Amino acid sequence: MRYPQGGGLTAERQQFREGLRLKAAERFAQGEASSVIAKGLRVSVRSVQRWRQTWNEGGPRALRSQGPASLPRLSEEQFTQLEAELAKGPAAHGWEDQRWTLARIKTVIGWRFHMAYTIQGVRKLLVRNGWSCQAPARRAMERDDEAVAGWVKEVWPCAEDSRRPVEPGSSSRTKPDSP
């Protein structure tokens, strides 16, 4: 099972689940019913049925964990170097604005480590290492917060009051008084 926040199970959680499957295998050998095993291990009956089928085909060894679905291609040390490159900012790498996009990070990985990642691969790499997507605040650098606050207090109430008065009228534009 995959989780959107972490990108997969931790090693401890994989070991815990493997332990559950191996306990179920011991109970399969004793001839216990799937529903009893599911209740005892606090898992679904369908999971126990899948485990039993796997156990019938390959024995207890088939219930062992297969390890992570994929290993990250960047090592811990290389990811630390990538974080240092990202900390320098996009301008240091030739982009005019201060936004890191997945495509730009993919390009930096290619330049720095001579590896080709897909956009989704870059996203998974970042999420796996605790990074999250951020939307930049859309504010002008020249913004004067005091002037904005003054405008909201003085000008905006006048603009709000200048709307047409609400009164009964007609839906027809050509004959306003028609029934």
Scope the stretch 27-54; condition part of a helix (DSSP H, G or I), in contact (Cβ under 8 Å) with a residue 12 or more places away in the chain and under 18 Å from Ser65 (Cβ atoms); matching residues:
Phe28, Leu41, Val48, Trp51, Arg52
Could you please tell me which pairs satisfy a Cβ distance under 6 Å, a separation of 6+ or placement on different chains, a first residue in the stretch 100-128 that is under 18 Å from Ala84 (Cβ atoms) and free of Cβ contacts under 8 Å to residues at least 40 places away in the same chain, and a second residue that is assigned to a loop (DSSP other than H, G, I, E, B) and not aromatic (Phe, Trp, Tyr)?
Ile109/Met115
Just the residues that are over 22 Å from Thr10 (Cβ atoms), buried (at least 16 other Cβ atoms within 10 Å of the Cβ) and in contact with a Phe, Trp or Tyr (Cβ under 9 Å, 6 or more places away or on another chain), please, taken from the stretch 109-135.
Ile109
Residues Val45, Val36: which one is at pLDDT 90 or above and under 31 Å from the mean Cα position of the chain (by Cα)?
Val45
Go through the stretch 64-82 and count every residue that is in contact with a Phe, Trp or Tyr (Cβ under 9 Å, 6 or more places away or on another chain) and at pLDDT 90 or above.
3
List every residue pair whose Cβ atoms lie under 9 Å apart, where the two residues are 6 or more positions apart in sequence or sit on different chains, the first residue falls within the stretch 64-76 and is of a type in the set (A, V, I, L, M), and the second residue, located anywhere, is at pLDDT below 70.
Ala69/Arg2; Ala69/Gly8
Given (1) at pLDDT below 75; (2) farther than 27 Å from Thr107 by Cα; (3) open to solvent by 100 Å² or more (accessible area, probe 1.4 Å), index of the condition Arg138 fails:
(2)
Evaluate the stretch 80-93: report whether one residue or more is of a type in the set (Lys, Arg), closer than 23 Å to Leu22 by Cα and out of contact with any helix residue (DSSP H, G or I) (no Cβ under 8 Å at 6 or more places or on another chain).
no
If we keep only residues of the stretch 55-66 that are out of contact with any helix residue (DSSP H, G or I) (no Cβ under 6 Å at 6 or more places or on another chain) and either in a helix (DSSP H, G or I) or farther than 13 Å from Glu18 by Cα (or both), then the residue most open to solvent (accessible area, probe 1.4 Å) is Arg61
Looking at (1) at pLDDT below 95; (2) on the phi < 0 side of the Ramachandran plot; (3) out of contact with any Ser or Thr (no Cβ under 6 Å at 6 or more places or on another chain), find the lone condition where Gly7 falls short.
(2)
Among (1) open to solvent by 100 Å² or more (accessible area, probe 1.4 Å); (2) at pLDDT below 90; (3) farther than 30 Å from Arg139 by Cβ; (4) out of contact with any Ser or Thr (no Cβ under 9 Å at 6 or more places or on another chain), Gln15 falls short only on (4)
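The values are calculated or read from the model by the stated rules, or taken from the named source; none is laboratory data. All of these numbers come straight from a predicted model, not from anything done at the bench. Counting neighbours? That spans all protein chains shown, and the Cβs are built from the backbone with ideal geometry, glycine included. The area values use the complete protein model at the heavy-atom level, side chains included, leaving out ligands, DNA and RNA. Shrake-Rupley method; radii C 1.70, N 1.55, O 1.52, S 1.80 Å.
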